């Protein structure tokens, strides 16, 4: 079983939780705990061997922990996701391949593209694809069409795998800490459009990518994972973009693995990642 | 306070320890726990805020934990070390500089060199240096002279900072899990002499360095830290050695920081490193 | 145009080659040159803008360069490859996706598996798959059946994408410097079978992967690319294998990109890689 | 000998240069060439074996190359530098140690600190140290005092090894492409003051450092080298700063090695680095 807990910090939390687990004859395989003193916030992830009814544990722990506690016991092992894409294939293909061979840790229910081009690769893997164009319609209507799919499929997470449209604050707030984006730069460098062109102009020696939860502050949401690769003077902006795609794929894959494995806890604008 | 515990695994260990801490009104800042199921072994490192007599804690925890428990409460914050060197300056200088500016986390009591050449840099930092030559004497006598220094200085750790002599099993056993070596390769590749020549001949694209505890099995002791750097066809064996020195310095510094901060637990031939 | 040259070193080689190019009004975009003094060997890769008949250039350069010169002018931009696999999907899928979206720099003509399991993913991408079992037949017969496919398809390169059979020296010699393998360790560490189990037993802090040309010395061929990722005490051997698959995919992709872009020159047991 | 050339690009440059070298019976050990098509600019670095009077080569090459050519033949192998510091010891100590053991590739003539605290470490290495305070005097006077030292010592490069004052545009222009700074962030992220606090607030998962030439645009000069290290939620801003110092030391050391080895060519706001 996996138990993830987040609450206000106070003395005795670990003793309270581990006391209940010992009572229930559960053995702790792995325990990660973090206190953020600046926020007075307690975060914990525990893996135990042994089984006990989830409701029993929830009740016993709930009675001992602070009122604001967020607790997840044995969260769904195989999350459901919907993926939003535009035209680039690299992140989506990686997700589809892992889904297909059951190593994603999640099940892809649906792919939505604002262009039709990635429908073909979805069909090859028998994943439903909906082309929902943003053209010649209001943003509100565009988002409502996406919402219709989401309301039907009820995904745990929405993955923006190079989805190049900006979602409205209202849309984002409806899925708080459940929308994961891959940003094509080492945030907070090169916020905004065309980061590879910016990186080229600046003559940087490393480029990066950032996977983060989406909030209504563009490119400002809680960061899950970041990676970089070296570049040099011989790289054109196009070469940087090509190299960047490799790192985007890799960072998004890592972030998804961490999230789907319940290793990422979010508080305000930061994450605690129990790698 | 820092508390480091290692014992046979059983149900209820975390509850027992954290129960005592809560009783004593100690707040857990950071807790790292690991169970090695293949060895049925429990490892834990806790940082708490608040103070309580070390003896009280020792007694209370001791009464609750298995008989084989190894426990360290508030280990010496500023360890004492003796450094053994031969002729290369890079690792020693790094240690001396950090010692000088009090960021090493340890105090260098003495440097022993089997050549006199590094005496000068020690004198510049006012660190006692003893030239103990291995030439024209039996290994036993050589080691006895080193032991004389160690017995007087009683260091917590002995650091082999590019010490190019092989110590006898008897010597090593006298300082079990207390001798730290920097090996000039990415172990277990290139065991033995002249690893950069071996790496050059093999045409590798990465070279590395390994910091490890020394056991009587040459180059086989528990690994603390490893790092690599890229090399390419333009590197001669000498260039690889030069690049290797950078990574040796960096890996040894990292390993010492982890050990001096009580983040490295040793069991059999492996380490648990709570980074 | 791309020009790749390898020959015995002597004074005036760069002048001779660049003189011909200037005569033909070709502008050098990028020139990489390396001399291996221990082998007295000259390596060069040039990208030029402008066009001139390949035969003219071949003739003019050939008349100026040493007798042993190996020269490739404008090598086939889209190489043909055959991929050999066993049961693991990760490297093959990556190759198939890049092929499908025309970013591999090569065309996958055929996939051969000694188990049938990866046939399905090939069919999804409309790539011919042949199941050639090694069971209950002589190695010679097994290899002959593979050779039949290769002789028909005439690939430029054979990619062993986690092909877990050892090919005979005769087979390998027939495709000298044309068979590329991904080895699941940071060679020369953990040569042979089950490197992740070996890495786990040794308690290493980094694991790696190596892409190399295959020679009749097992795991000893010229290395093209190597990468590593950090691991720690919490990794089981299975976790290391899982992490290793990510790096295997990434290293093989990098090596193929370099080879298909004519950036890898082989001499004896080493490579010159003009990245 | 080392030859470094930069000029407007045109057909035949490599042929012209290598023709002269062949005529003079010089053998090319290593040649790196780069053309920046967007700037129509040619960059080359050549290492040759054999000797010929520098003036002969200069004259012969000069007569063949475009009027705007900047050419350096056998640049001073052991550069002279002056180091400017404030209060942090890590970069300076690393430079002093390398200088002391003659592996810096440059000779430290003088260290100037706007606080007196680093005088002690300089004296230990017998390097002249001047305390030039910025307090209670005009910036102009402060800079004039620094200039007095520079005019006397005539260094090839000025290294800002954690010098926390901003130099005036007039000062900077007087030493164009000769002032090297280490910036405590992965530029262009976290421009300006207190980047570690900014990084902490943003919750980044990597922090970096950037070595660059100083121009009158603060933090905007040509980048020479960049590196990063991973951080996580357990890092306070102070921990990030501590980790950052390691990477600052390492990046500055790398940048200095490249510059002192004549591998860095500057044009407008970018560098070509022939690593």
(message) Rounded, prolate or oblate for the range D:74-173? Axes are the square roots of the Cα gyration tensor eigenvalues, ordered a ≥ b ≥ c, and the cut-off for rounded is a/c under 1.5.
(response) oblate
(message) Taking the 0 to 90 degree range and rounding to the nearest ten, how far is the long axis of helix B:90-100 tilted relative to the main principal axis of chain B, both from C-alpha atoms?
(response) 50
(request) Have a look at the DSSP beta bridges in chain A and tell me what percent are antiparallel, nearest 5. (result) 65
(request) Between chains D and B there is a rotation axis; tell me the chain D residue with the nearest beta carbon and how many whole Å away it sits. (result) D:124, 2
(request) Shielding by partners for C:184-190, please: the mean number of other protein chain Cβ atoms within 10 Å of each residue's Cβ. (result) 5
(message) Treating the point 7 Å from Cα along Cα-beta-carbon as the label, what are the nm separations from residue A:102 to the other copies, to one decimal?
(response) 3.7, 6.0, 6.7
(message) Over the Cα atoms, compute the radius of gyration (one decimal) and Dmax (the largest Cα-Cα distance, rounded to a whole number) for the range B:31-133, in Å.
(response) 19.7, 53
(message) Nearest 10 degrees is fine. How inclined is helix C:139-153 to the longest principal axis of chain C, computing both from alpha carbons?
(response) 50
(request) Take every DSSP beta bridge whose two residues both sit in the protein assembly as shown, then give the antiparallel share in percent to the nearest 5. (result) 70
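How much of the pair distance distribution for the range D:144-194 lies past 16 Å, counting alpha-carbon pairs only, in percent? Don't skip to the answer; put the middle values down first.
On the way: 611 of 1275 pairs.
Summing the P(r) tail past 16 Å for the range D:144-194 gives 48 percent.
Could you list A:185, B:49 in order of exposure, starting from the residue whose Cβ has the fewest other Cβ atoms within 10 Å?
On the way: A:185 25, B:49 12.
Least to most surrounded, the residues fall as B:49, A:185.
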(message) Can you bin every Cα-Cα distance in the range A:142-234 into 10 Å intervals starting at zero and give me the percent of pairs per bin, rounded to whole numbers?
(response) 15, 45, 26, 12, 3
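In Å³ and rounded to a whole number, note down the convex hull volume per residue for the Cα atoms of the range A:193-275. All intermediate terms of the calculation are to be shown ahead of the outcome.
Numbers: hull volume 7.7 nm³, N = 83.
Looking at the range A:193-275, the number lands at 93 Å³ per residue.
Taking every DSSP beta bridge that has both residues in the range D:93-225, what percent is antiparallel when rounded to the nearest 5? Each step should come with its number before you reach the end.
Values: 6 of 12 bridges.
That works out to approximately 50 percent antiparallel.
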(request) Could you check the simple spin-label distance between residue D:8 and residue A:38, using points 7 Å along Cα→Cβ, in nm with one decimal? (result) 5.4
(request) Every other copy gets compared here: list the nm distances from the residue C:80 label point (7 Å along Cα to Cβ) to its counterparts, shortest first, one decimal. (result) 4.8, 6.6, 7.6
(request) Every other copy gets compared here: list the nm distances from the residue C:216 label point (7 Å along Cα to Cβ) to its counterparts, shortest first, one decimal. (result) 4.5, 7.0, 7.2
(request) Along Cα→Cβ, 7 Å out, is where each label goes; now give me the distance between the ones at residue C:133 and residue A:103 in nm to one decimal. (result) 2.5
(request) Note the angle between two axes, namely the Cα long axis of helix A:13-23 and the longest principal axis of the Cα atoms of chain A, as a number of degrees from 0 to 90, rounded to the nearest 10. (result) 70
(request) Measure off 7 Å from each Cα along the Cα-to-Cβ vector at residue D:67 and residue B:25, then give the distance between these two points in nanometres to one decimal. (result) 8.6
(message) Working only with C-alpha atoms, what are the Rg and Dmax values of the range B:9-77, expressed in angstrom?
(response) 12.0, 36
(request) Quickly estimate the mean residue ellipticity at 222 nm for chain A, helices only: each DSSP H run with n ≥ 4 gives -39500 (n - 2.57), and the total goes over all residues, rounded to 500. (result) -10000 deg cm²/dmol
(request) Alpha carbons only, please: Rg and Dmax for the protein assembly as shown, in angstrom. (result) 30.8, 91
(request) Treating the Cα atoms of chain D as identical point scatterers in vacuum, please give the log10 of the normalised Debye intensity I(q)/I(0) at q = 0.10 Å⁻¹, two decimals. (result) -0.59
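If I take R0 = 22 Å and measure r between the Cβ atoms of residue D:170 and residue D:268 in this structure, what FRET efficiency does the formula 1/(1 + (r/R0)^6) give, to the nearest 0.05? Could you put the intermediate results ahead of the total?
Working: r = 20 Å, r/R0 = 0.93.
Step by step, r from the Cβ atoms, then E = 0.60.
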(request) Using R₀ = 35 Å, calculate the FRET efficiency as 1/(1 + (r/R₀)^6) where r is the Cβ-Cβ separation of residue A:151 and residue B:47; round to 0.05. (result) 0.15
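Every number here is computed from the coordinates shown, using simple stated rules; none is lab data. None of the values given here were measured: they were computed from a predicted structure. Here Cβ is always computed from backbone atoms with ideal geometry, including for glycine, and neighbour counts include all displayed protein chains.
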